[in-house]
1. Excluding the sites themselves, what is the longest stretch of chain B that contains no trypsin sites (Lys or Arg not before Pro) in a DSSP loop with at most 13 other C-beta atoms within 10 Å?
2. Do you know the Lys pair count in region D:4-231 for C-alpha distances under 15 Å, with sequence separation 8 or more or different chains?
3. Which three extents, in angstrom, do the Cα atoms of region C:101-143 have along their principal axes, listed largest first?
4. Give me D:Tyr182, B:Tyr127 ranked fewest to most by other Cβ atoms within 10 Å of their Cβ, as a rough exposure proxy.
5. Taking 2.2 N^0.38 Å as the expected size of a compact globular protein, what ratio does the Cα radius of gyration of region D:4-231 give against it, to two decimals?
6. Fewest first, what order do C:Leu74, C:Leu199 take by the number of other Cβ atoms within 10 Å?
7. Residues with amide H under 5 Å of D:Gly126's amide H, sequence separation 5 or more or different chain, H placed in the peptide plane at 1.01 Å from N; which?
8. Compare the peptides C:88-94, D:91-97 by average per-residue count of other Cβ atoms within 10 angstrom and give them in order, highest first.
Amino acid sequence: MVGLVVVSHSAKAAEGICDVAAEMGSAEAEIVAAGGDEDGSIGTSAPRIQDAIEQARDDDGVVVLVDLGSAVMNTELAIEMLEAEDDDVRIADAPILEGTLNAAVNAAGSKATLESVVEAAEDAREYRKLN
Amino acid sequence: MVGLVVVSHSAKAAEGICDVAAEMGSAEAEIVAAGGDEDGSIGTSAPRIQDAIEQARDDDGVVVLVDLGSAVMNTELAIEMLEAEDDDVRIADAPILEGTLNAAVNAAGSKATLESVVEAAEDAREYRKLN
Amino acid sequence: MADTETQREAVLAAIDAVAERLSAEKSYLTDLDSAIGDADHGANMSRGFGAVAEKTDELDGDIDDVVKTVGTTLISEVGGASGPLYGGSIMFASQELEGGITAETSVAFAEAYLDKVQDRGDAQIGSKTMVDALTPAVHTFKKSIEQDDLPPLTALAKAVDAAERGVNFTVPLKAKKGRASYLDWRSVGHQDPGATSTLFIMEELLDVASEHLEGETDVDATSPEAVEREAE
Amino acid sequence: MADTETQREAVLAAIDAVAERLSAEKSYLTDLDSAIGDADHGANMSRGFGAVAEKTDELDGDIDDVVKTVGTTLISEVGGASGPLYGGSIMFASQELEGGITAETSVAFAEAYLDKVQDRGDAQIGSKTMVDALTPAVHTFKKSIEQDDLPPLTALAKAVDAAERGVNFTVPLKAKKGRASYLDWRSVGHQDPGATSTLFIMEELLDVASEHLEGETDVDATSPEAVEREAE
Ligand SMILES: Nc1ncnc2c1ncn2[C@@H]1O[C@H](COP(=O)(O)OP(=O)(O)O)[C@@H](O)[C@H]1O
Ligand SMILES: Nc1ncnc2c1ncn2[C@@H]1O[C@H](COP(=O)(O)OP(=O)(O)O)[C@@H](O)[C@H]1O
Ligand SMILES: [Mg+2]
Ligand SMILES: [Mg+2]
Ligand SMILES: [Mg+2]
Ligand SMILES: [Mg+2]
C-alpha cells in the first residue's frame, strides 16, 4: 500500500489533517504526520520528514504532501538523505489538506499505485467547494 | 480589519492552520479557529462556527475558509443564523491552509477589503508548490 | 384537523418513536456509512434525536415552535453533514406549520424541507444522497393529496413506499455529493446512509400518524403499495 | 596551500566567528525578517551556527568532513527555509574540499554551493533572496581567481563587496520566492534577511582568512572596493 506523509509548518495542522484523512474510509492507509521543526515549533525539519517517510514506506512507495515553500525544500532534502533508492518517494503538487484526503481515499483502493495516488492528490487542485 | 475564520473537521488542523497564518506577518489579523464538532471530535458545528464568526467580525467583515462539504453546509447555516445582517461574511472557495495564508497576508495589508481578502484566498487555488 | 393538544401529542410521540428507531438502527446506519463514508451516521442520528427526545418536556409552545426546536437541537448535536441537512431543513420548514398540522401544511412542510435540503447540499436526484429518498417521497405525498385527494395517511403511506424505492435506487449509483463522492467508482453497490435514515424516520412518522390521526383506517393493509409489497 | 592543521584551525575559527557574529546580529536579522517574513531568521541562524560551534571539539576528520558536519548540523537545527538552503548546500558543496582548501577548491566549493542553493530554492537573481548576494559574490570570486590571478584574500574581499551590493540590491525588489513573496508589492523597500546573513558570514570568513592565511596583507585597507567604501 502506498504510504502518505503530511509535512506542514505546524505539528498540529499535520496531525489534524491526518486525523481527517484517516476517517475517509482509509484507516488502513499509513498516513504519517511530519509537522513543525525539530522542537515542535512552527517550521519544518528534514530529519523529521526523513523519519516519517521511512515509517510510511513499504513496497508501494510514499507520497508526500506539503504546505509552504520551505516544506518542499526540506522534503527534497529529506528524500536525498534517504539511505535506499528514492525513486519511490514523490512530492504531490497539491493543496495539503484536500490533497491528503484525495490521496488517502485513493491509496485505500485496491487498484492504487504510486502514480494514481499522486494524481488523486493533484486532482484536489480542481476541487471546488461552493456551488 | 477583515477577520478570518478557519473551519476544519479537525480542531487541531484548524488551530494549526491559524498558527501558521499568524506567523505570516499578520499577527494583528483576527484569525479564529472553528474546528471539530460540538464535543471536539471530527466534524463541524454550526453554532461553533457562528461563535467564531462573531468573534472575528468587526467593521470590515469576515472571510471563512472551509475544508470538506459539510463544513460548507454548516458555515452557510451559521451565517443564516447570525443575528445581524450577514452580507459582510463570505465563504472563500479556496484550499483551506493555502487560502488562509494568502488571506491572512492580504488582510494585514492597509488596502485590504472584504473582496481583496476573498480574492487572495481564492488565488491560492493557482499556487504551485513544485518547480 | 386534529385539535392542538392531539397534534402536540402526536409530534412528541413521533419524536420518541424516531429517537427509538434511530437508536435501534444505529449500528446498521453506521455500517452503511463505514462502506462509503466515515462510519458515523448511526451515531450522528441517534445522538441528535436522542437529544431531542430528552427535551420533550421543554417542548411547549405552538407546533411550529416545537418542530423548530427539533431542528435547532439537531443543528447543535449532529456534527456531520446530516446536522445542517436534517436540522437546518427542519428548522426552516417549521414555519410552514404555523397554522398547525393539516394535509395542506404537511405538504408545504415537506416541500420546504426538500427545497432546503437541495439548496443546502446542491445534490440532484441520482447524486446518491438522502435527496434520492426524499424527492420521490415528497412528490408522491403532494400528488396524492393535491391531485388524487387521498386521505393524508394513505398519502403518507405512498410516500414511505416511494422513499423506499429511492433508498434502493441509491445502491447502484455512483455518489456525486458528500463524503461518498470521494470514493468515485468504489461507491457503486452501496446503499446511502442518509437516504436510509430518511426512510426510517418516515416509517416512524407513518406509524405514529396512524395511531394519532382519527378517521383513517390502518393503511399498512390497504395502501396499494403495501399490498404490492405483501405480494412480493 | 596551508598545511592541514592550519586549515582546520582556520575552519574552526571561522565557525566560531560566524556563530558569534550571527548571535550578535540576531535581533537585526529578526527585525529584517519581521518586515517581510515570520521574524525568525535571526533565531534560526544563530541557533544553527551556535549548535555547530558547540560541536567544534567533535569536528575532527578531514576538512571536507568537518565542513559536511557543519551542513548536517544546520539541517537538523534550523527549522526555516535557511536550514535546507544553508545546511543542504554546505553539505553538498563540502565534497569539493576533499583535497583541502586551495584557491581552486574554494572556487569549486563556492560554485557548488551557489548551484545547490539555486537548484533547491528555484530563485533567480532578482527574486529578492540570498541568491542576490551569493551570485555576484561567487562570480566575482571565481573571476578574480581564475581570470585575474588575484590572491585568494583579495578575491574574497572583492566577493564580500559584491555580496554587499547584492544585499543593497534586494531592497527595492519585489520578492518572488520564499515567505516574502506572499507580501507581493508590500515586500518592496525591505532588505532580504537571507542575503544579509550571507553577507555577514562572508565578512567573517574574510576576517578569519586574513588572520590565518599567510603571504597576504590586510585587504580591508587595500582592496579597491574597501577604498571606495571608505570614500563614500
Ligand atoms: N451535499 C449533500 N446533499 C444531500 N445529502 C448529503 C450531502 N452530503 C451528504 N449527504 C447525506 O448525508 C449522509 C451522511 O451523513 P453523516 O454521515 O451524518 O455526515 P458526514 O458525511 O459528515 O459524516 C449521506 O449518506 C448523504 O445522504
Ligand atoms: N526559494 C528560495 N530560494 C532562495 N532563498 C530563499 C528561498 N526562500 C527563502 N529564501 C531565503 O531564506 C530567507 C528566510 O530564511 P528564514 O527566515 O530562516 O526561513 P523561513 O522563511 O522559513 O522562516 C529569505 O530571506 C531568503 O533569503
Ligand atoms: Mg458520516
Ligand atoms: Mg462525519
Ligand atoms: Mg523566517
Ligand atoms: Mg520560519
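1. For trypsin sites (Lys or Arg not before Pro) (loop position, at most 13 other Cβ atoms within 10 Å), the longest site-free span of chain B is B:1-110.
2. Summing the qualifying lysine pairs gives 7.
3. That gives 31, 18, 11 Å along the principal axes, largest extent first.
4. Ascending number of Cβ neighbours within 10 Å: B:Tyr127, D:Tyr182.
5. Ratio of Rg to 2.2 N^0.38 Å for region D:4-231: 0.96.
6. C:Leu199, C:Leu74
7. D:Asp132
8. Per-residue Cβ counts within 10 Å, averaged per peptide and sorted highest first, yield C:88-94, D:91-97.
Read the figures in this text as sums done on the coordinates, not as results from a lab. Given the structure is predicted, the values throughout are model-derived calculations rather than measurements. Backbone-built Cβ (ideal geometry, glycine too); neighbour counts: all protein chains shown.
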